[in-house]
1. Specify which of the listed residues (88, 79) is free of Cβ contacts under 8 Å to residues at least 40 places away in the same chain and either closer than 25 Å to residue 214 by Cβ or more than 11 Å from the chain's Cα centre (by Cα) (or both).
2. Working only within the stretch 37-78, note down all residues that are among the basic types (Lys, Arg) and either out of contact with any strand residue (DSSP E or B) (no Cβ under 7 Å at 6 or more places or on another chain) or closer than 23 Å to residue 108 by Cβ (or both).
Amino acid sequence: MSLFLRALPPLLRVGSAVAPGAMASLAWRMFRSPRDLDKPVSAREERLRDAAQTERIVSGTYEDAVEIQLYRWPAAAGTTAPGASPKTALLVHGWEGDALNFVAFVEPLRKAGFDVVALDGPAHGASSGERTDALRHAQAIEAVIQHLGQVALLLGHSFGGYACAFAVAGIPDLIEPQTVGRLALIAAPDTFEGVFHRFAQMVGFSEAVARRIHRRVEAMGGQPASHFSVRH
C-alpha cells in the first residue's frame, strides 16, 4: 500500500472533525466516482463483445443526460416458437463493472430463448459520465426498459441489483415504476445507509459527515436515507 493511501484515513478523520461540511462534499464526490480499473479483457470477453449488436441510447438522469452503451445477443436459433417474439433478459452489472461481467450468463440465456441485453451503466465501461450513484443507475435502467419495450427478466448484480430494485419500485417524481416479468438480484446490498457507512469507515470519514450525506440523499430522493432499502 502506498504512503498516500496509508495516510488518507487519518487525514480524512482530522478533516471531518475540523470541516465536516467540506468533507461531506468530498465524500459525496468520492463515493460517486467509480475507478477505471483498466482490467485486461479475457479472450472469452473479447469474443462476447465482438459478437454483440451494439447501440447507444440517452438517459436523462437527475443531474444531466448520459449516453448508455447497450449490447445485444439474439436468442439462439430454434429456441423461439414460430411467429413468437423472443423474451428479453436485461443484465445490469455492479460497481466498477461492465456488461462483459456477464460472460457466463449470455449463452445459457440465449439457449433458453432469451434475447440478452446488457448495459454499461453511467460512468462505467463505454457509457458516458464521470460520476454515478444508485439513482442515476436506476434512471438508466428505466430508460433502457422503456427503449426495449418489454423485459421478461431483469437481473442485477451487487450495486446494479440495488439499482434494479429501485427501477422496478420507482421513486416519486424521479423514476416511473417499471414492470418486468421477473427480477433476480445477486449479492445486492440492502440499504444505502449500510453501504455508505462501510465506505466512510474504510476511508476515514466521520459520523458527522455521514449525517450530512444522509441529508443530501433525503433532499435528492424526497425520502429519508433509511427509506432506500431493498426490503422496503
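No value in this document is a laboratory result; all are computed from the given coordinates. Bear in mind that the values here come from a model prediction, so they are computed numbers and not experimental data. Every residue, glycine among them, receives a Cβ derived from its backbone with ideal geometry; neighbour counts consider all protein chains shown.
1. Values: 88 fails: free of Cβ contacts under 8 Å to residues at least 40 places away in the same chain.
Going through 88, 79 in turn, just one is free of Cβ contacts under 8 Å to residues at least 40 places away in the same chain and either closer than 25 Å to residue 214 by Cβ or more than 11 Å from the chain's Cα centre (by Cα) (or both): 79.
2. Our first condition is that a residue be among the basic types (Lys, Arg); within the stretch 37-78, this holds for 39, 44, 47, 49, 56, 72.
Passing the criteria: 39, 44, 47, 49, 72.
Let's see how each residue does on (1) of a type in the set (Lys, Arg); (2) touching a strand residue (DSSP E or B) at 6+ places or on another chain (Cβ under 6 Å):
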residue	(1), (2)
117	no, yes
129	no, yes
136	yes, no
140	no, yes
144	no, yes
152	no, yes
155	no, yes
158	no, no
163	no, no
